[in-house]
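Working notes, beginning with the structure itself.
The values are calculated or read from the model by the stated rules, or taken from the named source; none is laboratory data. Here the structure is a predicted model, which means the values were calculated and not measured. Reconstructed Cβ throughout: ideal geometry from the backbone, glycine too, with neighbour counts over all protein chains shown.
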Amino acid sequence: MFDFSNIQGNILRGYGSFPHARFLYLAIHDERAARTLLQQLMDTGSVTPGQWSEKPDTTLNLALTFDGLRALGLPEESLATFPAEFREGMKVRADELGDVGKSSPRYWDEPWRTGRVHLLVMIYGKTEAALEAGCRNFRRLLPAGLEELGPEQSAESLRIEGETARREHFGFVDGVSNPDVDGVPREAGAARSQDIGNPDHSGKFRKIPLGEFILGYPGEGGDLAPMPLPNLLAHNSTYMVFRKLEQNVPLFRDYISKQAKSFARTIPGGLPDDKSAEEFLAAKMMGRWRDGSSLINHPHASAKDISNAFAYADDPAGARCPLGAHVRRTNPRDALGFGGKTMSRHRLIRRGITYGKYLPPGDRDEERRGLIFIAFNSGFDQFEFVQQLWINFGDEFEQGNDGDPIAGSREGSQMMIPGDEATGRRPFICFDIPRFVETKGGDYFFVPSLAALRLLASGRVHAS
Amino acid sequence: MADRARNKDGLGKAVTFNVITPMNRFGTCVVRLLLWIFDRWKRTQNTAKALAFLPFVHWVVIKRDRFPQLEGQPAEKLNYDYLFFLSTFNGPWGPYIEAFADVLYAPLDAVWFWSIRYPMARPVGPLKTYIKRNQVESDHSYSAYPGASVRDVRAGLEVRRELEQFARDSRDLAPDKFATEFDRLLMSLQNKLGSFGPIPK
């Protein structure tokens, strides 16, 4: 069994009950100062593990880029054992990730555009005041030799009409289908209890091996993901994808509104009065209704049901959930056949949090808003596969070159919304889909275990 | 660069893949029998065809004394026969090997078992190492349709077949009947109409 207290928090269990977050970006100019900071954080128990006896008011977690590990003095023989994607970093891999056009690194926000962050400090708070105090406490420890690269990134769970909502800016309930990981007990609460694993031969779902997300454990197929050396550094550590994804809400709403008029004409007799074509079309593009209910279980109307107990094999033509819909592409379950075997190695744990204010329907403003996308995997090939082949490319979903309608990288893509013989609804093609989500920065990070952080703080890392 | 199909339009969707492994004489006999069975009973190829990211898969055995020589070149003295695995696939290398190992491990193991030091298909880590050690990059590869994947080609053929049939059957239809039949055609082809072209960035 694994030790939760040696794995950093927010990985296997999310920080859903910490709605306020801040991300601080540091450059390491002096490796001894950085090690001293790490040592202090470890000595004071400031780094939050995956479990606690008493829930803290704030959490603090650390992640390092490849340049950060080097700046911390990790020897070259150890650095050479990290995966190539990590060594290169997200900026270098922009083309592979579809970060092109206005999403390309030259348009990214600071500090991503000009520098490379070494150390990412992630602080979450139960309240805004607690978060402020947590940030203040951390900055008090910051020695000369480490430079904070501005601006800091604030984020918080979306507040709609004064209430905290688990939604992203396009209005959809977010984070409802994280993987169910073998050996990780489910937390109390509806959200976590909805998790689901990978499909098996019998059409049921099984939990996903820990090794898909944490280094040092067997993954799908029974083998270990490639691990950096030494083992103490790798074991219970993981890799994190951090992306600032800006959502163009007015553009999304305008597009849906415009297309919905034509879409409504494909429905025999038109839509009933209590349903809007906009909601139906947006759900078809996402693959779930805005309240999280799946189109597979609720093809005609939302039902406030975020159950994850559904599969796609009995909807092969996409009459209920289009083959190219966002959630069907990012977690195809059994849609690709072979008992889910060809998708099972491409799962990610997602811990997103929104930034920017909620935009009420009908309003327009110039404020920037979006999602801080955080994903954990035991190798960046997992994330890059999903991004390249499932989000930006549609071949596996019979979509040719057409990308994800919500998060895809291509300007002017298209999406087929299949018709439904049962109701007589005709097929409808969404043409000229703009890019609704643009990348504004990010990088690949190593998230050390607590033991690995102590090792890094000691400065006595040897690859053997 | 040589691991991708390319022509005047640049790199194609298909990646070439060549693995050459040595076998002893007994293994050669078994593998030849197995390949004959795969060739004779086409149903044994169904899973590979269903994977749909494989434009081409071919195994060929070359006996140790059958390697061609250029004029004047002396024949090699080889200790083994060789099994050539030649393939093209759509997508990245790692997931291709993983899908192969997860879905086609039985025929892979049956044929490659006879190759020297074959580690078996599962777990996939040692197989990847074995393949890397025995893989040979293509110096050149030609693709007539670099922007086409297997699914693109299958979809295109089906669209053409259905459209030709529709053109024949709809010549004398009244407008309202034509509209009904057109809707039916669109419904049957609705998931075959994705954009076509080079791999998008």
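Here are the numbers for the structure shown:
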quantity	calculated
Selection from region A:404-418 of residues that are facing another protein chain (nearest Cβ under 8 Å) and modelled with pLDDT of 95 or more	A:Q414, A:M416, A:P418
Among residues of region B:154-171, those that are in contact (Cβ under 8 Å) with a residue 12 or more places away in the chain and of a type in the set (A, V, I, L, M), counted	3
Contacts under 8 angstrom Cβ, first residue in region B:172-201 being facing another protein chain (nearest Cβ under 7 Å), partner part of a loop (DSSP other than H, G, I, E, B) and among the hydroxyl-bearing types (S, T, Y), 6 or more apart	B:P200/A:S409; B:K201/A:S409
Every residue from region A:1-43 that is under 27 Å from A:R167 (Cα atoms) and among the aromatic types (F, W, Y)	A:Y15, A:F18, A:F23, A:Y25
Counted residues, region A:424-450 - those being away from chain B (no Cβ under 12 Å) and surrounded by fewer than 17 Cβ atoms within 10 Å (Cβ to Cβ)	1
Boolean, A:V176 is assigned to a loop (DSSP other than H, G, I, E, B) and at pLDDT 95 or above	no
Condition check for B:A144: of a type in the set (A, V, I, L, M), within 11 Å of chain A (Cβ to nearest Cβ) and more than 17 Å from A:G400 (Cβ to Cβ)	no
Residue in region A:208-240 that is surrounded by the fewest Cβ atoms within 10 Å (Cβ to Cβ), counting only those that are touching a helix residue (DSSP H, G or I) at 6+ places or on another chain (Cβ under 7 Å) and at positive phi	A:G216
Near pairs, Cβ below 6 angstrom, 6+ apart or cross-chain, from region A:18-42 (closer than 22 Å to A:A451 by Cα) to any residue that is of a type in the set (V, I, T) and modelled with pLDDT of 95 or more	A:A34/A:I28; A:L41/A:V47
Options A:F431, A:F385: the member that is touching a helix residue (DSSP H, G or I) at 6+ places or on another chain (Cβ under 8 Å) and not in a loop (DSSP other than H, G, I, E, B)	A:F385
Any hit, region A:50-71, residues being under 18 Å from A:A457 (Cβ atoms), surrounded by fewer than 17 Cβ atoms within 10 Å (Cβ to Cβ) and without any contact (Cβ under 8 Å) to a residue 40 or more places away in the chain	no
Region B:98-118: number of residues that are in a helix (DSSP H, G or I) and within 11 Å of chain A (Cβ to nearest Cβ)	7
Filter pass, B:R161 being away from chain A (no Cβ under 11 Å), part of a helix (DSSP H, G or I) and more than 17 Å from A:G400 (Cβ to Cβ)	yes
Residue match in region A:85-108 (condition: closer than 15 Å to A:L456 by Cβ, among the hydrophobic types (A, V, I, L, M, F, W, C) and not in a loop (DSSP other than H, G, I, E, B))	no
Residues being in a helix (DSSP H, G or I), within 8 Å of chain B (Cβ to nearest Cβ) and buried (at least 22 other Cβ atoms within 10 Å of the Cβ) - total across region A:389-403	1
Residue list for region A:115-168, filter: at positive phi and in contact with a strand residue (DSSP E or B) (Cβ under 6 Å, 6 or more places away or on another chain)	none
Sole residue being at pLDDT below 90 and at positive phi, chosen from A:G189, A:G171	A:G189
Region A:354-388, subset of a type in the set (D, E) and either in contact with a strand residue (DSSP E or B) (Cβ under 8 Å, 6 or more places away or on another chain) or in contact (Cβ under 8 Å) with a residue 24 or more places away in the chain (or both), residue nearest to the other protein chains (Cβ to nearest Cβ)	A:D381
Meets criteria (on the phi > 0 side of the Ramachandran plot and either part of a strand (DSSP E or B) or not acidic (D, E) (or both)) for A:G68	no
Candidate set from region B:81-96 (those that are in a helix (DSSP H, G or I) and more than 22 Å from A:D200 (Cβ to Cβ)); member that is nearest to the other protein chains (Cβ to nearest Cβ)	B:G94
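Per-residue answers, yes or no, for (1) among the aromatic types (F, W, Y); (2) modelled with pLDDT under 95; (3) out of contact with any strand residue (DSSP E or B) (no Cβ under 7 Å at 6 or more places or on another chain):
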position: B:N134; (1), (2), (3): no, no, no
position: B:Y142; (1), (2), (3): yes, yes, no
position: B:Y145; (1), (2), (3): yes, yes, yes
position: B:G156; (1), (2), (3): no, no, yes
position: B:V159; (1), (2), (3): no, no, yes
position: B:E162; (1), (2), (3): no, no, yes
position: B:A167; (1), (2), (3): no, no, yes
